[in-house]
1. Going by how many other beta carbons lie within 10 Å of each one, how would you line up Leu131, Leu240, Leu216, Leu40, fewest first?
2. Within the stretch 104-135, which residues have the backbone N less than 19 Å from the label spot 7 Å out from Tyr27 along Cα→beta-carbon, could you tell me?
3. Give the distance, in whole Å, between the Cα centre of the stretch 222-246 and the Cα centre of the stretch 25-62.
4. For the stretch 37-168, with the dipole built from +1 on Lys and Arg beta-carbon atoms and -1 on Asp and Glu ones, taken about the Cα centre, which of Gly54, Val113, Ala139 lies farthest toward the positive end?
5. Taking the Cα atoms only, what angle lies between the long axis of helix 43-64 and the longest principal axis of the chain, rounded to 10 degrees?
6. Using unit Cβ charges (K, R positive; D, E negative) and no other charged atoms, how large, in debye to the nearest 20, is the dipole of the stretch 42-245 about its Cα centre?
7. How big is the stretch 123-208 in terms of Cα radius of gyration and Dmax, in angstroms?
8. Any chance you could give the angle, 0 to 90 degrees and rounded to 10, that helix 2-17 forms with the longest Cα principal axis of the chain?
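Every number here is computed from the coordinates shown, using simple stated rules; none is lab data. Keep in mind the model is a prediction, meaning the values are calculated, not measured. When we count neighbours, we look across all protein chains shown, and the Cβ atoms used for this are built from the backbone with ideal geometry, even at glycine.
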Amino acid sequence: MDFLFQIGKYFILVRRVFRKPEKYSIYLRQLLFEINSLGLGSLWIVAIISVFMGAVITIQSAFNFTSAWIPIYAVGLATRQGIILEFSPTLISLILAGKVGSNIASELGTMRVTEQIDALEVMGINPAGYLIMPKILAAMLINPFLIVISMFLGIFGGWFLGVMTGVVSSYEYIYGIQYEFRPYAVYYALIKTVFFAFIITSVSAYCGYTTEGGALEVGRSSTRAVVYSSIAILIFNFLLTQLLMA
C-alpha cells in the first residue's frame, strides 16, 4: 500500500508543478539556467562514454562476426543500430539519471530540510512549479540534443578506433552505417529520450521535494532518486519499444 501511496503523492506533485506560473519571465530565466546546468554540464561525460561505447561495440562485433557468410560491413551496421536504437537513448539516460537525478534530489532535499521551500510558500510562490517545472522542461528540451551528439560520437568513435585497431576498414564501416538506413530509428530514439528526460527530472524532484529529516535523509533521497528513476526508465523503455517498434 505504501507503493500506491507514493505513486499518488507523485502525481499530486506533478499536477502542482504544472499550475499556471505567477510570472513567466522568472520561469524563463530559471529555464535557461537549468538548460545550462542539467544539459551542457553533462556534455563532457556524454561525449566520453559515447566514443568508447561505439569503439567497444565495433570491436566486439568485428570479433564475433567470424562467419564467412557475414560481410565486414555488418560491423558498421551493427554499431549504427546498437547505438541509435538502444545504447545512446537508454544507456546515456541511465547515466544522466545518476548524475542529474542525484543532483536534483540533493538540491531540493537540502532546500526542504533547511526550510527554504517553506519560505517560498510563505511568500505566495508555488515552490513546486518554480523549482521543478524549469528542470523538467530544460531536460526535455536539451536531452534530445545530447542524445544526437551521443549518436554521432558513438558512431565516430567506432569508426576511428575500429580503423586504428585494424578490425575494420574505413570503407566497409562507412558503407555499413549507410546500409538501408531508416530515419525512423532516430525519431524512435528521440521520442524515448523525451520520456526518459521527464522521468529523470520528475522522479528525482519528487524524492528530493518530499525529504523529511536532516542531512542523512538528503543522502537517502538522492539514492532513491537514482534507483527509482533508473527502474522507471527500464520499464518505460520496454513499453515504448513495444508501442513504437511493433
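1. Leu216, Leu40, Leu240, Leu131
2. Hits in the stretch 104-135 for Tyr27 at 19 Å: 120-135.
3. Each part reduced to its Cα centre gives a spacing of 19 Å.
4. Gly54
5. 30 degrees
6. So the dipole magnitude of the stretch 42-245 works out to roughly 320 debye.
7. 19.1, 64
8. Tilt of helix 2-17: around 80 degrees.
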